[in-house]
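> One structure follows; several queries about it will come next.
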């Protein structure tokens, strides 16, 4: 029994852990952070006083109506952005998978990489400058970023899918569009739907954050309430955000289970 490879593996693990530990300590020193400061009596008292200002939350009817409108706006932003991005990404997937030659593949993949490399908050800040404050800017920001992500994922899915059914339809006299719709799309549709649902979950979370740069939704409400130091109202907004994310996660998981069950 040769134990030399196992010893080498253990040595590499120890070296890696030592490097990570050393870099962590060096980071604390460089940033002049003392973890012990977080556990002093004064720090704990300040945290307790800060958290206590968020309770009890504002549950008045007038404010809950505003919260409901913010929830609907956040859902509309995320759902519309995800739907438009998914449709655009299907068009991006064809050249990204090499269906129109290597040059189109390189250009399309560069576009997708560029769109997804810019964070949603940066896109939102740019869109606010371009079209002004409000949900339109948030929707555009999510469309740009999500199209890059889904375009790359859809392209890789299409590239890895067997082309036998598509080729058979073309050889039998079918057009390229019909061959794609009836020979390729049914085979990749479940995976495309799964990717789209996953991105919708992420867009719900991002839509609640984009409001901090004026892109509408619950995030803009939270930024407004915190700016006025109205912690009770901010607490209600935070609770509604958590509830919204939990409900959307449950719905998405249910849709995925239904999809997997239908696929057998």
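The values are calculated or read from the model by the stated rules, or taken from the named source; none is laboratory data. Bear in mind the structure is a predicted one, so any value in this text is a computation, not a measurement. Cβ coordinates were reconstructed from backbone atoms using ideal geometry, including for glycine residues, and neighbour counts include every protein chain displayed.
> Just to be sure I understand, how many residues within segment 15-62 are in contact (Cβ under 8 Å) with a residue 40 or more places away in the chain and out of contact with any helix residue (DSSP H, G or I) (no Cβ under 6 Å at 6 or more places or on another chain)?
3
> Residues that are under 30 Å from the mean Cα position of the chain (by Cα) and surrounded by fewer than 16 Cβ atoms within 10 Å (Cβ to Cβ): does segment 86-96 have at least one?
Among the residues of segment 86-96, at least one is under 30 Å from the mean Cα position of the chain (by Cα) and surrounded by fewer than 16 Cβ atoms within 10 Å (Cβ to Cβ), which makes the answer yes.
> Of the residues 210, 158, 197, only one is closer than 23 Å to residue 109 by Cβ and either at pLDDT 80 or above or in contact with a strand residue (DSSP E or B) (Cβ under 6 Å, 6 or more places away or on another chain) (or both); which?
Being closer than 23 Å to residue 109 by Cβ and either at pLDDT 80 or above or in contact with a strand residue (DSSP E or B) (Cβ under 6 Å, 6 or more places away or on another chain) (or both) holds for just one of 210, 158, 197, which is 158.
> Now, a different point. So which of 72, 59 is in the same structural domain as residue 192 (by TED's automatic domain parsing) and exposed (fewer than 13 other Cβ atoms within 10 Å of the Cβ)?
From the options 72, 59, the qualifying one is 72.
Yes or no, residue by residue, for (1) within 17 Å of residue 93 (Cβ to Cβ); (2) touching a helix residue (DSSP H, G or I) at 6+ places or on another chain (Cβ under 9 Å); (3) at pLDDT below 80; (4) in the same structural domain as residue 252 (by TED's automatic domain parsing):
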{"position": "143", "(1), (2), (3), (4)": "yes, yes, no, yes"}
{"position": "152", "(1), (2), (3), (4)": "yes, yes, no, yes"}
{"position": "164", "(1), (2), (3), (4)": "no, yes, yes, yes"}
{"position": "167", "(1), (2), (3), (4)": "no, yes, yes, yes"}
{"position": "170", "(1), (2), (3), (4)": "no, yes, yes, yes"}
{"position": "173", "(1), (2), (3), (4)": "no, no, yes, yes"}
{"position": "178", "(1), (2), (3), (4)": "no, yes, yes, yes"}
{"position": "191", "(1), (2), (3), (4)": "yes, yes, no, yes"}
